[in-house]
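Below: one structure, written as structure tokens.
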Amino acid sequence: MIWLVGNRGMLGMAVDRRLQSQKLEHVATDLDLDITDGRRVQAFANPLDLSWIINCSAYTAVDRAEDEPEQTFRINAEGVRNLALTARRKEARLLHISTDYVFDGRKEGAYLETDTPNPMGVYGSSKLQGEIYICENIASHVILRTAWLYGHDGNNFVRTMLRLFREQDEVMVVEDQWGSPTLADDLADIILHIITREKSHYGIFNFTNEGRTNWFEFAAMILELARKYHIVDRELQLIPIKTNQYPTKALRPANSYLSKEKIKQVFKIPVRSWQEALDGVKAMNRKAASRYTDWRLPNILELESLVDIYSHSPAMPPNHPFARIADGYWSSTTSVYEPSYAWVLYTLDGAVGVGYKAKPDFYAWVVRRR
Ligand SMILES: NC(=O)c1ccc[n+]([C@@H]2O[C@H](COP(=O)([O-])OP(=O)(O)OC[C@H]3O[C@@H](n4cnc5c(N)ncnc54)[C@H](OP(=O)(O)O)[C@@H]3O)[C@@H](O)[C@H]2O)c1
């Protein structure tokens, strides 16, 4: 039995989807089981026959952490220690996610797992303390240090950029912080690979997508793909700026570039480039992204569940004749409506429905009578 902790976070959702699709016996918790409550953690684990605990939970608000050091350490250090002690007691293994922020970014070249950490802020310090507690308390651990994580769920850089590209004429992005983006799906694949192997290897491993870039180049690639997939069709200017032009409460490492040699050799895995991984950006424009793998017509059952998801109702695109496609359902298609609204609920005279993008230049709506 696997226990996934933090299954409602960005990475946790990606891992949960894989545990489900691979039909691996697991339980999953998030804030409903506060990991800072050691007794509850123990009581929850007691009846379970655990093989792995996967910890995707964390306090991840890097800037807010500067104002909330106690809460940050409670979750990222004390909470992690609770999980480590529980894993040891249950003779289970612990897979934990850590961060490039344990480093100060002053190294030239790629960071190795053996480099000495020196965090610049509360978040990085708390994550480092979590690592230390794990190493002190349980030998059978895998700590994956990752960086610049983004995915279909949660708030992340790619989704923020897609929103800004729609809203602003000028978007400024820092060009002097270097690292590698990581698609949550790719990290989730590695996590599944590690926990399903017969032979275990323990210790600290770096994992990001391959290639070194900066936030500005990353944003430029997102814009290029957003244009290619007609997510953004308007004119806008992407402007490179320096870190000191965009002050934040917490300092960020100038160099976050992590070497992947160790994880590639030990676990015999290929790591794809960040550009290739980012191609999935087309899927990130959808509001119900996690449910679909490509643009296609939802079937009636999926439509029902989408209808349940949406509560807002922007204006119906004008002048679209509706054709009956099934009992109680009508659809309408067009190739001209605003392309950035790929998934929207419409209401019209007591009808509800979903708008979707079927192909890059083809939009369709399905509507159900109430
Ligand atoms: N995001 C990045 O760029 C990045 C970079 C490097 C490393 N990482 C690491 O990668 C891992 C996954 O990050 P993520 O971006 O997927 O995080 P996330 O989206 O913020 O998800 C973390 C989850 O943990 C939950 N949580 C917070 N406190 C908890 C507690 N006391 N007990 C149980 N659950 C709790 C959160 O709930 P609430 O949201 O309701 O608080 C959230 O659902 C973390 O370890 C993070 O440090 C992230």
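Quick note: the coordinates plus some simple rules give every number you see, no bench work behind them. Computed from a predicted structure; not experimentally measured. Here the Cβ is made from the backbone with ideal geometry for all residues, glycine too, and neighbour counts use every protein chain on show.
Extension gain for the segment residue 168 to residue 106, taken as residue separation times 0.36 nm less the Cα-Cα distance, is 19.0 nm to one decimal. Coupling constants for segment 209-217 follow from the phi torsions by the Karplus curve (6.51 cos²θ - 1.76 cosθ + 1.60, θ = phi - 60°), and in residue order they are 6, 6, x, 10, 8, 10, 4, 5, 4 Hz; glycine and proline get x. Each of 15, 102, 173, 62 has some number of other Cβ atoms within 10 Å of its Cβ, and from fewest to most they run 62, 173, 102, 15. Of the GluC sites (Glu not before Pro) found in segment 87-149, those in coil by DSSP whose Cβ has at most 15 other Cβ atoms within 10 Å are 91, 108, 113.
For residue 27, the amide hydrogen comes within under 5 Å of the amide hydrogens of 2, 3, 4, counting only partners 5 or more places away or on other chains and with H modelled in the peptide plane. 3J(HN,Hα) along segment 184-192: 4, 4, 5, 5, 4, 4, 5, 4, 5 Hz, from the Karplus curve 6.51 cos²θ - 1.76 cosθ + 1.60 with θ = phi - 60°, whole Hz, x for Gly and Pro.
Among 126, 21, 273, sorting on how many other beta-carbon atoms sit within 10 Å of each Cβ, with the fewest leading, yields 21, 273, 126.
For segment 162-203, applying the loop criterion from DSSP together with a ceiling of 15 other beta carbons within 10 Å to the trypsin sites (Lys or Arg not before Pro) yields 197, 199. Rounded if a/c is under 1.5, else prolate if a/b beats b/c, else oblate: with a ≥ b ≥ c from the C-alpha gyration tensor eigenvalues square-rooted, which is segment 1-87? Because a/c hits 1.5 or more and a/b fails to exceed b/c, segment 1-87 counts as oblate.
Taking amide H positions as modeled 1.01 Å from N, with prolines and chain starts lacking one, the residues under 5 Å from residue 96 and 5 or more places away or on another chain are 55, 142, 143, 144. Site pair residue 31 and residue 71 shows an inter-label distance of 1.0 nm when each label is modelled 7 Å from Cα along Cα→Cβ. Spatial offset of segment 185-251 relative to segment 255-275 amounts to 14 Å, using the alpha carbon center of each. Hand me the trypsin sites (Lys or Arg not before Pro) from segment 1-79 located in a DSSP loop with no more than 11 other Cβ atoms within 10 Å, in residue order please. Here the sparse-neighbourhood loop sites are 23.
Across segment 142-149, rounded Karplus estimates of 3J(HN,Hα) from the backbone phi angles (6.51 cos²θ - 1.76 cosθ + 1.60, θ = phi - 60°) give 10, 10, 9, 8, 10, 7, 6, 6 Hz, Gly and Pro being marked x. Between amide H atoms placed 1.01 Å from N, distances below 5 Å from residue 239 occur with 171, 172, 173, all of them 5 or more places distant or on a separate chain. Of 141, 193, the sequence from fewest to most neighbouring Cβ atoms within 10 angstrom is 193, 141.
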